[in-house]
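The values are calculated or read from the model by the stated rules, or taken from the named source; none is laboratory data. Owing to the predicted nature of the structure, the values given are computational and were not obtained by experimental measurement. Neighbour counts are summed over all protein chains in view; Cβ atoms, including those assigned to glycine, are modelled from backbone coordinates with ideal geometry.
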């Protein structure tokens, strides 16, 4: 058996490392080496929850086990008149490490363990088809570029045609940690969200400020322009936005010390949430299977993208190990549908939160602000997508979730 893996994000790397453990031959195709990954701008700001950290341990990735990289708490607030706030403790800490450091280290680890890495990956469907003869199956895990067009948007599972949020962010000094230390999310109705997790990067401990802006809304000054040539202006714009819209975050900012960690540490972009078709016939009996961002792109609002990518990589590795027949269209269709069972709660939950909040979400947030038991149960579900989706999908299920949190944790 020979598997070609195109893309060295978390899905591609976790799949390659897992197949390596299982004794399955895999070749990883990447357009960047470790130094290139480390030297570029951030493409995302990832928080890895406990389930992902347990998979890392299974892979023998132990570099970030120290509590110095932990985020054990999540602070949430709804800003503005009638606002509310609460905090909840994760059952096990999450980890927030610069993803450039993370991916580069995993790529080096795979190569050091004897994995085959090819620097240079197919750029389009034609080049992908040319590569197919070298492997029994190609898995595409590259979420950016023309290659994703190979799979095509699945309209039945993709309600968005445009990006519901525009993004801008950076790594900053000058923000005092939350009390207790952890991640913060400030929701500004009608404007968007401001995320501010503690983060470990090349300059040590910093704070991410990620602005998710409703298009043509009050956050446009930050997300509307390209600040790469003027990081000082970007810093001023971010501070002004925090001052106007997130007073709880502003209390932790020392304006004299507030600055980007490095000029390169800025992010700007937008995500159109999409589920693509899970597989594609390349011709001559060869197939490509999509996983991770190549298959599903989620807005970062719920911090699920990398965690889902890791979960799907492990699920696919198990499918490949167990399968005895050809890697044909029937195999691709069946495995894609089974992985969709894992992915669907994340997609549905994220789409619900990115839109106009339904009544049950307001009910749940108000209950969490008024009862620590509900707050802790809600925050625990950040690492339990199926449970989270059930808790927010309908008002009756939200009320059931609140009642269970209150009764179980009070010992009733």
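Picking from 396, 376, 348, which residue would you name as being within 18 Å of the chain's Cα centre (by Cα) and part of a helix (DSSP H, G or I)?
348
Of the conditions (1) farther than 23 Å from residue 211 by Cβ; (2) surrounded by fewer than 21 Cβ atoms within 10 Å (Cβ to Cβ); (3) more than 18 Å from the chain's Cα centre (by Cα), residue 107 satisfies every one except a single condition; which number is it?
Of (1) farther than 23 Å from residue 211 by Cβ; (2) surrounded by fewer than 21 Cβ atoms within 10 Å (Cβ to Cβ); (3) more than 18 Å from the chain's Cα centre (by Cα), only one is false for residue 107: (2).
In region 28-67, what residues are over 21 Å from the mean Cα position of the chain (by Cα) and either crowded, with 20+ Cβ neighbours inside 10 Å or closer than 14 Å to residue 109 by Cα (or both)?
Within region 28-67, 28, 29, 33, 35, 60 meet the criteria.
Only residues that are surrounded by fewer than 21 Cβ atoms within 10 Å (Cβ to Cβ) and within 24 Å of the chain's Cα centre (by Cα): list them for region 116-149, please.
Passing the criteria: 123, 144, 145, 146, 148, 149.
Working carefully through the options 38, 113, 54, 125, find the one that is farther than 27 Å from residue 191 by Cα and at pLDDT below 95. Let's see the steps before the verdict.
Numbers: 38 fails: at pLDDT below 95; 113 fails: at pLDDT below 95; 54 fails: at pLDDT below 95.
125 is the lone residue from the list that is farther than 27 Å from residue 191 by Cα and at pLDDT below 95.
Taking residue 18 as the residue in question, decide whether it is in contact with a helix residue (DSSP H, G or I) (Cβ under 8 Å, 6 or more places away or on another chain), closer than 23 Å to residue 317 by Cα, surrounded by 15 or more Cβ atoms within 10 Å (Cβ to Cβ) and in contact (Cβ under 8 Å) with a residue 40 or more places away in the chain.
yes
Within region 322-329, is even one residue assigned to a helix (DSSP H, G or I) and buried (at least 23 other Cβ atoms within 10 Å of the Cβ)?
The answer is no; no qualifying residue exists.
Provide a single number: the residues in region 365-390 that are over 17 Å from residue 90 (Cβ atoms) and either buried (at least 17 other Cβ atoms within 10 Å of the Cβ) or at pLDDT below 95 (or both).
Residues in region 365-390 being over 17 Å from residue 90 (Cβ atoms) and either buried (at least 17 other Cβ atoms within 10 Å of the Cβ) or at pLDDT below 95 (or both): 6 in total.
Among the residues of region 162-190, which ones are modelled with pLDDT under 95 and over 24 Å from residue 73 (Cα atoms)?
Listed by number, the list holds a single entry, 190.
Any idea which of (1) surrounded by fewer than 22 Cβ atoms within 10 Å (Cβ to Cβ); (2) farther than 22 Å from residue 212 by Cα; (3) at pLDDT 95 or above is the one residue 345 doesn't satisfy?
Failed condition: (2).
What's the number of the only condition in (1) outside the structural domain of residue 308 (by TED's automatic domain parsing); (2) loosely packed, with under 14 Cβ neighbours inside 10 Å that residue 113 fails to meet?
So residue 113 meets the others, but not (1).
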